Structures are given as C-alpha cells and as structure tokens.
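The values are calculated or read from the model by the stated rules, or taken from the named source; none is laboratory data. These figures come from a predicted structure and were not determined experimentally. Note that each Cβ is placed from the backbone with ideal geometry, even for glycine, and that neighbours are counted across all protein chains shown. For accessibility, only protein heavy atoms count, side chains too; no ligands or nucleic acids. Shrake-Rupley method; radii C 1.70, N 1.55, O 1.52, S 1.80 Å.
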Amino acid sequence: MSFNTFGHVFRVTTWGESHGPALGCTVDGCPPNVSLDETAIQYWLDRRKPGQNKYTTQRREADQVRILSGVFEGRTTGTPIQLMIENTDQRSKDYGEIAETFRPGHADITYWQKYGIRDYRGGGRSSARETAARVAAGGVARAALAALAPGVTITGYMTRMGAHGIDGPRDMDEIGRNPFWVPSAAAAETWAAYLDELRKSGNSCGAEIEVSASGVPAGLGAPVYGKLDTDLAAACMSINAVKGVEIGEGMDAARLTGEDNADEIRLGNDGAPVYGSNHAGGILGGISTGQDVVVRFAVKPTSSILKPRASITKSGQPTEVVTKGRHDPCVGIRAVPVGEAMVACVILDHLLLDRAQTGGQRGTIG
C-alpha cells in the first residue's frame, strides 16, 4: 500500500524526492514497438523545467531524462520503462530553519502526523518537483497515443491567475507566446504586472488550468466505477497543490436548466453524431462521446512565501514562519504541462482498457 502508482493497464510509479540525488518513474504496460527516445520525452520536460523566466522558481535544473530500460533501438519492448532525472541544483541549507517547524498551508504537518518522519528539504516527496517524473511518463503516453490514436491532441493553458481571468475571446495561437500559457495576449500583459507585484512582495497566488483533448475516440471509459471522468478527476487532483477539478461545465452546471445543459445531437453527413454544444466536457455516463474532453483544475497559492505566518514547532511551541528558498510565485504556470501529462496518461490507459474489453467494437448508428 505505497500509493505511488496510478493507472490500470498503463501504470506509472514515481519515485524520488526534491533534494535527493535523483527522481523518476517506472512506466509499465506501454505497448511494444512504439517509437521512443530520450529526445521525445525531453521536449515535454523542457516545457515544465524551472528557471526559464522570472515568474517561476530560480532553481536551475536541466531536467535531463535518461531511459534506463524498456527501449531497444528506439522502440519500446513492452517491458517496464525506467526513467531517471538527476537533481543537480539542490540548496538544502535554505530549509535548515524549518527542520523543526511546520509551514502553514504545506504538507509538513500531515506528513509528520502520519509517518513521524519527514524530509524537510524542499518538501521531500510532497514537493512539486515530483511532477517532473509525471511529465516524463506523459511523454511516453503521448508517444503511444501517436502510434495508436494519432488524431488525439492534448493542449493545456491557464484560464485564471489569482483575481484575473481572461476577458474577450481566446486565441490558442497565443499559448506558446507568453510565459503563462494563456490564450490571450492582453491577459498575459495584465498577469505579468500582477505577478511582478506579488513576487516582489514575497507573496503568491493560485490559478486555474484547463486541458482540452481533441480527437479522443468515442467509447473510452465504462459505467459506474470505471468512468473516464472519474480517473481524469483523480489524476488531476493528485497533482501537488490542486484543490478542485471540473469536467466540462463542472460546478457551473448546477446553475443551468436541463434545457440549457443538454447537448443536442444530430446525425452528421458522415454518419457520426454531431453535438450542438459540449457542456458535458466530452464525457457522458463516464464514456467519451468523441467531442473534446475538457478538464479544468484549480491550484492553490504557493504555500512557501516570504510573508510571516503563525505556526507551531514539532514540540508544540508557537512560532512565526518565513519560508526562504526558491519558489514559484504561482505554481499554476508549471502545472500546465503536468496537467497535460496526466490527461495523456489517463486517455492512453482507457484506450488500452477499451481494446482489452471490447476489442474496438462499437454500436452502429443509422
């Protein structure tokens, strides 16, 4: 009962700590003969790695991935794929002052209450650094999806930073042009000024991230306990600092009437159903409809801040905590590629589950 593994057929086990010598993952269940090399995985890790601009932690990590097993002559063998990323820029001395103190809003106190021991250096296993391994696993999942379902495209972007959302239409071409992965040039400008002020004051903010997967085949997922949205929600909720997950309209569906919420259906010229809207987020009854699968999650503000907060020590004495070190003023920025990776892993997992259960059979319409 280690709880470090997720997935059913495509299974990922992550290992390692923020300030240990290395971290990584073991990916099991990847089909054989999928084209894969370190360069393909590195592309996704480079999007997540720290220190790329002033809006993320200044910890300098190359996040260079090494494939230790499961790949031969550029193709997966069907055996476990072991991936390793070395930590090269740890600064553990920054955390010496909190060795006996619990940081408010952080996992320090719950780890201590559960295990009676904790790695205080950067949060150890609870650090967002663990997500580098998830992104590496997501690179494997994307490679497998490219082979098995080449029409699938997964795109993540921020829709809110703290008090600021997006005004006006979204321009998806803008996502890669700004440091916030936001589909709006105007929002990026506003967010930059907002985050600059927070960063300089030693504070932080939360964020909302949306991940859209297009080209997902209809029929993935199963009723009741094997729902596609159940596993998507669990995967995204498992990301560090995430406090809420929505599918499609999510919580806003409670404000709609049945007439407004129902996605009307007609038969397209190609014999496939066409939906008039996508309030369901591409999933009905736990099964994909063939529309875009839309997942949204909320990330809380970074807990490690330079603002003094009241807390207690391990001996129960009152104290005040100011967390030194290098931290993201908004962890939502680097959570975008992490969210993409988790969605990729879940969609591949359910594609493999469906192949095992139905062999790709589908009910006909018309």
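Scan segment 247-254 and give yes if some residue there is farther than 21 Å from Gly156 by Cβ, outside any loop (DSSP other than H, G, I, E, B) and modelled with pLDDT of 95 or more, otherwise no. Yes. Outside any helix (DSSP H, G or I), among the acidic types (Asp, Glu) and within 15 Å of the chain's Cα centre (by Cα): is that true of Glu210 in this structure? Taking the combined requirement at face value, the residue satisfies it. When Gly215, Gly202, Gly176 are checked against the criterion of being out of contact with any Pro (no Cβ under 6 Å at 6 or more places or on another chain), over 23 Å from Leu306 (Cα atoms) and in contact (Cβ under 8 Å) with a residue 40 or more places away in the chain, Gly215 stands alone in meeting it. The residues in segment 48-81 that are modelled with pLDDT of 95 or more and open to solvent by 50 Å² or more (accessible area, probe 1.4 Å) can be counted, and the count is 8.
Is it fair to say Ala272 is over 30 Å from Leu198 (Cβ atoms), of a type in the set (A, V, I, L, M) and at pLDDT 95 or above? So Ala272 fails the test. Residues that are part of a loop (DSSP other than H, G, I, E, B), open to solvent by less than 40 Å² (accessible area, probe 1.4 Å) and hydroxyl-bearing (Ser, Thr, Tyr) were ranked within segment 256-290; the one that is nearest to Asn240 (Cα to Cα) is Thr289.
For segment 126-146, the criterion of a residue being open to solvent by less than 60 Å² (accessible area, probe 1.4 Å) and without any contact (Cβ under 8 Å) to a residue 40 or more places away in the chain is satisfied by no position.
The set of residues in segment 213-223 being in a loop (DSSP other than H, G, I, E, B) and either within 29 Å of Ser127 (Cα to Cα) or in contact with a helix residue (DSSP H, G or I) (Cβ under 8 Å, 6 or more places away or on another chain) (or both) consists of Val216, Pro217, Gly219, Leu220, Gly221, Ala222.
The set of residues from segment 224-246 being of a type outside the set (Val, Ile, Thr), closer than 20 Å to Lys300 by Cα, modelled with pLDDT of 95 or more and outside any helix (DSSP H, G or I) comprises Ser238, Lys243, Gly244, Glu246.
Within segment 154-168, the residues that satisfy the criterion of being open to solvent by less than 70 Å² (accessible area, probe 1.4 Å) and under 17 Å from the mean Cα position of the chain (by Cα) are Ile154, Thr155, Gly156, Tyr157, Met158, Thr159, Met161. Listed here are the strands (runs of 3 or more DSSP E) enclosed by segment 291-366 that have at least 1 residues being of a type outside the set (Gly, Ala, Ser) and loosely packed, with under 13 Cβ neighbours inside 10 Å: 318-321. Ala136 satisfies every condition listed in (1) part of a helix (DSSP H, G or I); (2) farther than 21 Å from Val295 by Cβ except (2). The residues listed here are Trp181, Trp191; of these, the one that is open to solvent by less than 50 Å² (accessible area, probe 1.4 Å), among the aromatic types (Phe, Trp, Tyr) and more than 25 Å from Leu145 (Cα to Cα) is Trp191. Considering (1) on the phi < 0 side of the Ramachandran plot; (2) modelled with pLDDT under 95; (3) among the hydrophobic types (A, V, I, L, M, F, W, C); (4) open to solvent by 60 Å² or more (accessible area, probe 1.4 Å), the lone condition that Phe3 does not fulfil carries the number (1).
When you check Arg91 against the structure, is it basic (Lys, Arg), at pLDDT below 95 and open to solvent by less than 60 Å² (accessible area, probe 1.4 Å), yes or no? So Arg91 does not fit the description; no. Applying the criterion of being aromatic (Phe, Trp, Tyr) and part of a loop (DSSP other than H, G, I, E, B) to the residues of segment 94-121, the residue that is modelled with the lowest pLDDT is Tyr120. When the test is whether a residue is open to solvent by 50 Å² or more (accessible area, probe 1.4 Å) and closer than 28 Å to Pro150 by Cα, Asp171 passes it.
Beta carbons closer than 8 Å, at least 6 apart along the sequence or on distinct chains, pair a first residue in segment 226-242 that is touching a residue at least 12 places away in the same chain (Cβ under 8 Å) with a second that is among the basic types (Lys, Arg) for Ile239/Arg134; Ala241/Lys300; Val242/Lys300.
Scanning segment 307-352 for residues that are among the acidic types (Asp, Glu) and modelled with pLDDT under 95 yields Glu320, Asp328. Checking each residue in segment 71-88 for being closer than 16 Å to Thr14 by Cβ and in contact with a Gly (Cβ under 8 Å, 6 or more places away or on another chain) picks out Pro80, Ile81, Gln82, Leu83, Met84, Ile85, Asn87.
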